[in-house]
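The values are calculated or read from the model by the stated rules, or taken from the named source; none is laboratory data. What you see is a predicted model, and the numbers here were worked out from it, not measured in a lab. Cβ coordinates were reconstructed from backbone atoms using ideal geometry, including for glycine residues, and neighbour counts include every protein chain displayed.
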């Protein structure tokens, strides 16, 4: 029998699997979902009080951060910019882990640093989702709204519905919606339906998540996870002060960029070989961390970063009034994650020996994992989105303390302070 395969797409993850396996006994109700999809009706609600204690929750966060930095290191291929969503990838692969068994499950857990037992892992991901959802703030007078939306959706074939136990677990821990598509007769329409939904959920930032040809008549299931963030600065940059200045790329070239400016009291640390600043978004729970190594020190500083060193660096920042200049920029990066995850040890899932039987969609394997993420950073704040898909197929005027100009390569992260979650992580080597 041919193996089915899955594809993860990030900031939105999608699983695609081929039909022909053993479908479950679920039935599709006649309620229209996005496009031509049909809703799987479920009476299961998301668990609003997941059973996980503080120590277990902190352990989950530490594992997610460890994965983030390990994956970042694998993306270091030449003089390229990097941008991805560790949270989106971890969420999508946690949902895959939920539908895996045996060595396949073990390898996914090891690659993603999922060290907790199943019930704690998925309860922890549920609590993290709830905590992130609580960051949303409505517009108030002169304050812009802060929007952080996460969407988990399962798109099974109407010929191979997933096992009820898998769907129930997804609903309880991830609040996943379930919409069936006719992949066999309408593969291209199905691809466009998923892409349109992802584009809508990311406010237009993530387009064409599933490229042409990724959905075929053999597709059995797609799982998507999308993350969208619009976060206004706690104190915006002065728009009238933005002007053209030089940015010194790592390769020695010089780019003329829109350089923003503001004076503000912010957390800052002058390190032995780098500057570190923390720029808070509204309500000071989310922040942008920017680390700019000195000239000639980028590689050494970058290689030193891991969860422990970042924690130490952040603990040693002090408030200072900074006159800060930094570039406006937009990054959009799409890539396959398959080889990187195989390097981390997730290998069996991509072979005919894959055991994804708990999904209940037949004999399947992961064919590829694709991640797409985009960020736009400007005077008012930051807008960012990511999508990951897994495809399964057959087989006032204070005294100025410092002046800092971010005019050379830097590493940055969008960090949720209360949970420690790294929502986005990247570097800019050239503009």
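What the table shows:
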{"read-out": "Boolean, residue 244 is loosely packed, with under 15 Cβ neighbours inside 10 Å and more than 18 Å from residue 422 (Cα to Cα)", "value": "yes"}
{"read-out": "Sole residue being over 25 Å from residue 287 (Cα atoms), surrounded by fewer than 20 Cβ atoms within 10 Å (Cβ to Cβ) and out of contact with any strand residue (DSSP E or B) (no Cβ under 8 Å at 6 or more places or on another chain), chosen from 168, 182", "value": "168"}
{"read-out": "Unique match (being at pLDDT 85 or above and either in contact with a helix residue (DSSP H, G or I) (Cβ under 6 Å, 6 or more places away or on another chain) or farther than 30 Å from residue 345 by Cα (or both)) among 121, 146", "value": "146"}
{"read-out": "Of all residues making up segment 325-341, the number that are within 11 Å of residue 368 (Cβ to Cβ) and touching a helix residue (DSSP H, G or I) at 6+ places or on another chain (Cβ under 9 Å)", "value": "4"}
{"read-out": "Tally, over segment 216-234, of residues that are at pLDDT 90 or above and assigned to a loop (DSSP other than H, G, I, E, B)", "value": "1"}
{"read-out": "Where residue 68 falls short, out of the listed (1) touching a strand residue (DSSP E or B) at 6+ places or on another chain (Cβ under 8 Å); (2) at pLDDT 95 or above; (3) surrounded by fewer than 24 Cβ atoms within 10 Å (Cβ to Cβ)", "value": "(3)"}
{"read-out": "Flag for residue 121 being within 19 Å of the chain's Cα centre (by Cα) and in a strand (DSSP E or B)", "value": "no"}
{"read-out": "Counted residues, segment 131-149 - those being surrounded by fewer than 16 Cβ atoms within 10 Å (Cβ to Cβ) and either part of a strand (DSSP E or B) or under 16 Å from the mean Cα position of the chain (by Cα) (or both)", "value": "4"}
{"read-out": "Residue 361 vs. criteria more than 29 Å from residue 250 (Cα to Cα) and surrounded by 14 or more Cβ atoms within 10 Å (Cβ to Cβ)", "value": "yes"}
{"read-out": "Lone unmet requirement of (1) surrounded by 18 or more Cβ atoms within 10 Å (Cβ to Cβ); (2) within 25 Å of residue 385 (Cα to Cα); (3) in contact with a helix residue (DSSP H, G or I) (Cβ under 9 Å, 6 or more places away or on another chain) for residue 83", "value": "(3)"}
{"read-out": "Residues of segment 298-353 classified as assigned to a loop (DSSP other than H, G, I, E, B), touching a strand residue (DSSP E or B) at 6+ places or on another chain (Cβ under 9 Å) and surrounded by fewer than 15 Cβ atoms within 10 Å (Cβ to Cβ), total", "value": "4"}
{"read-out": "Residues of segment 335-348 satisfying the condition of being modelled with pLDDT of 90 or more and under 21 Å from the mean Cα position of the chain (by Cα)", "value": "339, 340, 341, 342, 343, 344, 345, 346"}
{"read-out": "Of residues in segment 379-418 being modelled with pLDDT of 95 or more and not in a strand (DSSP E or B), the one surrounded by the most Cβ atoms within 10 Å (Cβ to Cβ)", "value": "409"}
{"read-out": "Test result for residue 237, part of a loop (DSSP other than H, G, I, E, B) and crowded, with 21+ Cβ neighbours inside 10 Å", "value": "yes"}
{"read-out": "Residue in segment 273-292 that is under 16 Å from residue 234 (Cβ atoms), over 25 Å from the mean Cα position of the chain (by Cα) and not in a loop (DSSP other than H, G, I, E, B) present", "value": "no"}
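Quick grid of which residues meet (1) in a helix (DSSP H, G or I); (2) surrounded by 16 or more Cβ atoms within 10 Å (Cβ to Cβ); (3) modelled with pLDDT of 60 or more:
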site: 8; (1), (2), (3): no, yes, no
site: 16; (1), (2), (3): no, yes, no
site: 24; (1), (2), (3): no, yes, no
site: 30; (1), (2), (3): no, no, no
site: 41; (1), (2), (3): no, no, yes
site: 59; (1), (2), (3): yes, yes, yes
site: 72; (1), (2), (3): yes, yes, yes
site: 77; (1), (2), (3): no, no, yes
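Rundown of residues vs (1) at pLDDT 90 or above; (2) outside any helix (DSSP H, G or I), yes/no style:
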{"position": "114", "(1), (2)": "yes, yes"}
{"position": "129", "(1), (2)": "yes, no"}
{"position": "151", "(1), (2)": "yes, yes"}
{"position": "162", "(1), (2)": "no, yes"}
{"position": "167", "(1), (2)": "no, no"}
{"position": "180", "(1), (2)": "no, yes"}
